[in-house]
Amino acid sequence: MLNKTLILLLLMSAVCFPADFFNYLKDYNKNLYNNEKKTFSKGSLENKWYLVTDIYYNLYKYRLGSDIDVDQLEDNIDDTIDFLEDDKIKELTAYEKELIISMMYGIKCYISSTDISIGNLSDLRKSYKLSEKLYSKHKEIESSFGFHLTRLVVATYFENSFLIKDIFGYEGGISKSVENLKKIAKDDNLFMIEANITLNEFYSKIFYDHRSSARYSQKLNQLFPNSKYFKFLYAKDLYHTGKIDKAFKLFKEVNTEISNEYYPYEYNSLIYEIKCLYLQDREDFAVEVLKYAKKIHDGYLLQELDKWKRQLKRRKDILYRFETLNFRDIKDITKNEHDKKLTAKILFDHGYFKELFNLTNYRDESELLLQYFRSALILGEYKTASQLFEVLESKHEDFLDDHQDIGRIKILKNILDNISTN
């Protein structure tokens, strides 16, 4: 079924696009993320290329957190795959057709659950086999993206999966895949946007390493200044690396005009703006924005904000005085266990991984031990990270099993295992 955007555009004058499909798709995605009107040429309608871009349009809406029917989107992807396989989408080379089919299966894996670590194994298997076949035949930048992205997904989410490794016989490679995705993210190509989004999500959502993810959100924000979503991603990375004033300006820009259609990231941006105002000692302004946020929705994020406010004094100390403190000063302000845990939490939250790791040699408390493990992994101290996780598993099994972030912790262990064996 055509979306509303397409129906409107069918009434508009045809716009000339480059003749080949890859250029058409690249231009479409650029316009999509720059919030420009999306137009379709007569050829793209006749060839039914719009069926593919319609999937990308819905993927875009999914990323923004729009309330879309995921089951319907999966059905649409299946229908599009059938059209591709039956050659009902015209004027595609064999390479273009095979690549897009592989990407369609990959998109299904991505949207198959609200937790992106849970993928549809059948779709993953098809995407893996197709991308591997394509990359062996065509050493092109497009096939490179599909191949390395699929290997990254397998290694990240299924490294310790018996089904993937021993039954399917698939292997992933994190270090090589990430390096290749970084190359794709640098230059103007069909999957440049996707490569930058992938790397940003890989570092920010899985590692919580906003110092690394900021490289990609910054580029996306520079390339697409009209995208409020990319502006939000960059502002969030800035906030979590201690650049509060700069982050605040961007959150303010995102929040100036809230969309008529509700997007969760916009509400999240309001919460971040409130945090910035508190950190800037502008409590009166923070209270006013907070009142506005409560009118939209008074729920989980505001409850978490109340907990965050109880840490405000220590957070200010760390953010505005940390760089002037030496190692002895850090130990002086963390004399008791509660203070030590809080300081470690705030250091991690704002990207002070080296400083957290050097905070103390105390290694037997479960919460601190987990922070040390995550920091060691981010810093590339893989041997230390392995040793720390062994202690967590042997001495703090119940703590791990009951942890609210156990899904991400298991993914981090997958990543460590993959890096250690490659």
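General observations
- Violating pairs (Cα-Cα greater than 30 angstrom) within the set K246/K413; K176/K275; K182/K236; K26/K137; K316/K413; K275/K340: K246/K413; K176/K275; K316/K413
- Peptides ranked, highest mean first, by Cβ atoms within 10 Å: ranges 339-345, 195-201: 195-201, 339-345
- When peptides 386-398, 218-230 are sorted by average Cβ neighbour count within 10 Å, with the highest value leading, the order is 218-230, 386-398.
- FRET efficiency for V287 and N31, using Cβ-Cβ distance with R0 set to 51 Å, rounded to 0.05: 0.80
- If R0 equals 30 Å, the separation of the Cβ atoms of D317 and H297 corresponds to a calculated FRET efficiency of about 0.45.
- Our estimate of slack between K139 and E85, defined as 0.36 nm per intervening residue step minus the Cα-Cα distance, is 17.2 nm.
- Here the extension length gained between K129 and L223 equals 30.5 nm, from 0.36 nm per residue of separation less the Cα-Cα distance.
- Label sites at Q280 and E179, each approximated as a point 7 angstrom past Cα along Cα to Cβ, lie 4.2 nm apart.
- Label separation (D398 vs Y56): 5.3 nm, computed from points 7 Å beyond Cα along the C-beta direction.
- The modelled label-to-label distance for the pair K97/D78, using points 7 Å beyond Cα in the direction of Cβ, is 2.2 nm.
- Shape of region 339-412, Cα gyration tensor, a/c cut at 1.5: rounded
Readers should treat all values here as calculations from the given coordinates under stated rules, not as data from a laboratory. All figures in this text were calculated on a predicted structure; none of them were measured in a lab. So basically every Cβ, Gly included, is an ideal-geometry build from the backbone, and we count neighbours across all protein chains shown.
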